[in-house]
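Inspection log for the structure reproduced underneath, given as structure tokens.
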Amino acid sequence: MKVIVLGAGIIGVTSAYQLAKSGHEVIVVDRQEGPAFETSFANAGEVSFGYCSPWAAPGIPMKAIKWLFMQHAPLILRPKVDAAMLCWLVRMLSNCTSERYAINKSRMLRLADYSRISLAALRAETDIAYDERMQGTLQLFRTQQQFDASGKDVKALAADGIPYEVLDRDGCIRAEPALAHVRDKIVGGLLTPKDETGDCFKFTNALAKKVEELGVRFAYNTQIKGLDVEGGRVRSVICDRETFRADAVVVALGSYSSLLLKPLGITLPVYPVKGYSLTIPITDASRAPESTVMDETYKIAITRLGDRIRVGGMAEISGYTNDLGQARRRTLEHSVTDLFPGGEVSNASFWSGLRPMTPDGTPVIGPTKITGLFLNTGHGTLGWTMSSGSARVIADLVSGRKPEIDATDLAIIRYSG
């Protein structure tokens, strides 16, 4: 078939790779000048198959109120007259129960673990290098209350067979020796040893070159105007300079997927949640992380990427704005210098991107009510983590094959009613 993939971020490029391997003629369309120039550009660098949780969790509503008064808050809400924002928030709050959390986390872990297997296979097939490391994620607890609350995550990891280690202070320092400089600030941690790290931008660009070698065409600097639907089937993608005829279309436009689909009568509950990052050169390796340290207090990931540290996190709900708030930079600087003092944060590059979040934290992968129109979007903070598995699932569905994992509860139909 002729398949058009909309979006050249990590989700779009991995989807194109798997579709091309399945024998389809593929075109990838993106408004940017190259791959991974939006949300995939400078994310936190985590490939966190085990550290994989919905933002909607028990206790979050009360925590959110407390965060409003914190100087370095992990969540920032800028309310506006926006029906989509209000609807998304209401749906998210409805998922903040123990029952919904367990269901959503199980879905996410299933897809993430499949992605772990899929990424390993892709790496073996392509021999791509992207500052990758396979040394796990350490979720770091500064308080006993945080340590005790991790029990629900441990339960979910155990239920799904995901390896983990509960660590005391000394165990955290064994995993991340640089934390010895701040041992009194640590209570304990949760290590997911199968997690990885890597530069998503480097990976996506390297894979895009491999994809081109498979015959895939990339149409960059191309604005998508809409989809032509006739008789309940998608026929083409209408762009500013060209119209692309298609047998199938895969929408992988992140936060912008909702805007494209709305005129077609498809309400996709994906809303942008802005995240921020700093990229800092390493000047003293003995004071840098070995892998990823997730600062639970501020929900900030501190990740080693070759000769750099990537500090990423926070969730700002403010619509489709992508300005760089200096207060957010100070929060990132505070977290990294508090745990890894001595870094040259003044030389850091500051970035923000819009994460495509669903209310339940699970991506939307699968067909729509329009024949030939498929979705692979809504991965939130875990697009890098879930990309390889999501790509295999969508390639199977487009090709008429049954995916290797249960994907029925990933489709948009879960939001009906």
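The values are calculated or read from the model by the stated rules, or taken from the named source; none is laboratory data. As the structure is a prediction and not an experimental result, all values here were calculated from the model. Note that we place each Cβ from the backbone using ideal geometry, even for glycine, and neighbour counts take in every protein chain shown. Note: accessible area is taken over every heavy atom of the protein model, side chains too, but ligands, DNA and RNA are not part of it. Shrake-Rupley method; radii C 1.70, N 1.55, O 1.52, S 1.80 Å.
Mind listing whichever residues of segment 152-168 are at pLDDT 90 or above and either crowded, with 17+ Cβ neighbours inside 10 Å or within 26 Å of the chain's Cα centre (by Cα) (or both)?
Step one: filter segment 152-168 for residues at pLDDT 90 or above, giving 154, 158, 163-168.
Val154, Ala158, Pro163, Tyr164, Glu165, Val166, Leu167 - these are the residues of segment 152-168 that are at pLDDT 90 or above and either crowded, with 17+ Cβ neighbours inside 10 Å or within 26 Å of the chain's Cα centre (by Cα) (or both).
Scan segment 114-123 for residues that are crowded, with 17+ Cβ neighbours inside 10 Å and either under 18 Å from Tyr51 (Cα atoms) or polar (S, T, N, Q) (or both) and report the count. Spell out how you get there, then give the answer.
Pass one, segment 114-123, residues crowded, with 17+ Cβ neighbours inside 10 Å: 114-116, 118-119, 122-123.
Now narrow it down to the ones that are either under 18 Å from Tyr51 (Cα atoms) or polar (S, T, N, Q) (or both): 114-116, 118-119.
Matching residues across segment 114-123 total 5.
Tell me which of these Met294 doesn't satisfy, since it passes every other one: (1) without any contact (Cβ under 8 Å) to a residue 40 or more places away in the chain; (2) buried (at least 22 other Cβ atoms within 10 Å of the Cβ); (3) not hydroxyl-bearing (Ser, Thr, Tyr).
It is condition (1) that Met294 fails.
Could you give me the residue pairs with C-beta distances under 6 Å whose first residue belongs to segment 19-40 and is within 20 Å of Gly226 (Cβ to Cβ), whose second residue is part of a strand (DSSP E or B) and among the charged types (D, E, K, R) wherever it lies, and which are 6+ apart or on separate chains?
Ile27/Arg217
Return the residues of segment 55-86 that are aromatic (Phe, Trp, Tyr), more than 18 Å from Pro356 (Cα to Cα) and either open to solvent by less than 60 Å² (accessible area, probe 1.4 Å) or modelled with pLDDT of 85 or more (or both); say none if nothing qualifies.
Within segment 55-86, Trp67 is the sole residue that qualifies.
Checking Ser98 against (1) farther than 22 Å from Ile162 by Cα; (2) over 16 Å from the mean Cα position of the chain (by Cα), only one condition comes out false. Which one?
Against the list (1) farther than 22 Å from Ile162 by Cα; (2) over 16 Å from the mean Cα position of the chain (by Cα), Ser98 comes up short only on (1).
Quick one: what pairs do we get from segment 315-330, first residue farther than 13 Å from Ser255 by Cβ and outside the structural domain of Lys80 (by the TED database), second in a loop (DSSP other than H, G, I, E, B) and acidic (Asp, Glu), C-beta under 9 Å, 6+ apart or different chains?
Hits for this filter: zero, empty list.
Quick check: is even one residue across segment 315-328 polar (S, T, N, Q), open to solvent by less than 30 Å² (accessible area, probe 1.4 Å) and modelled with pLDDT of 95 or more? First the steps, then the outcome.
Filtering segment 315-328 down to residues polar (S, T, N, Q) leaves 318, 321-322, 326.
Remaining after also requiring open to solvent by less than 30 Å² (accessible area, probe 1.4 Å): 318.
Filter again for modelled with pLDDT of 95 or more, leaving none.
Scanning segment 315-328, I find no residue that is polar (S, T, N, Q), open to solvent by less than 30 Å² (accessible area, probe 1.4 Å) and modelled with pLDDT of 95 or more, so the answer is no.
Condition first: on the phi < 0 side of the Ramachandran plot and buried (at least 16 other Cβ atoms within 10 Å of the Cβ). Now tell me which residues in segment 248-263 satisfy that. Even if it seems obvious, please write down each step before you answer.
The initial filter retains those residues of segment 248-263 that are on the phi < 0 side of the Ramachandran plot, namely 248-253, 255-263.
Once the filter is applied, which keeps residues that are on the phi < 0 side of the Ramachandran plot and buried (at least 16 other Cβ atoms within 10 Å of the Cβ), segment 248-263 yields Ala248, Val249, Val250, Val251, Ala252, Leu253, Ser255, Tyr256, Ser257, Ser258, Leu260, Leu261.
Taking the options Leu138, Leu111, name whichever one is in contact with a Pro (Cβ under 8 Å, 6 or more places away or on another chain) and surrounded by 20 or more Cβ atoms within 10 Å (Cβ to Cβ).
Values: Leu138 fails: in contact with a Pro (Cβ under 8 Å, 6 or more places away or on another chain).
Every option except Leu111 fails the conditions.
Give, as residue ranges, the helices (runs of 4 or more DSSP H) completely inside segment 112-191 that count at least 2 residues that are closer than 26 Å to Gly306 by Cβ.
Details: elements: 144-149, 151-159, 169-175.
Passing ranges, in order: 169-175.
Given the criterion outside the structural domain of Phe218 (by the TED database), touching a Gly at 6+ places or on another chain (Cβ under 9 Å) and of a type in the set (Gly, Ala, Ser), identify the matching residue among Ala56, Ala73, Ala8, Ala83. I'd like the intermediate steps shown before the answer.
Numbers: Ala73 fails: touching a Gly at 6+ places or on another chain (Cβ under 9 Å); Ala8 fails: outside the structural domain of Phe218 (by the TED database); Ala83 fails: touching a Gly at 6+ places or on another chain (Cβ under 9 Å).
Going through Ala56, Ala73, Ala8, Ala83 in turn, the sole match is Ala56.
Return a yes/no flag: does segment 333-351 have any residue that is over 12 Å from Ile280 (Cα atoms), of a type in the set (Ser, Thr, Tyr) and open to solvent by 10 Å² or more (accessible area, probe 1.4 Å).
No, segment 333-351 contains no residue that is over 12 Å from Ile280 (Cα atoms), of a type in the set (Ser, Thr, Tyr) and open to solvent by 10 Å² or more (accessible area, probe 1.4 Å).
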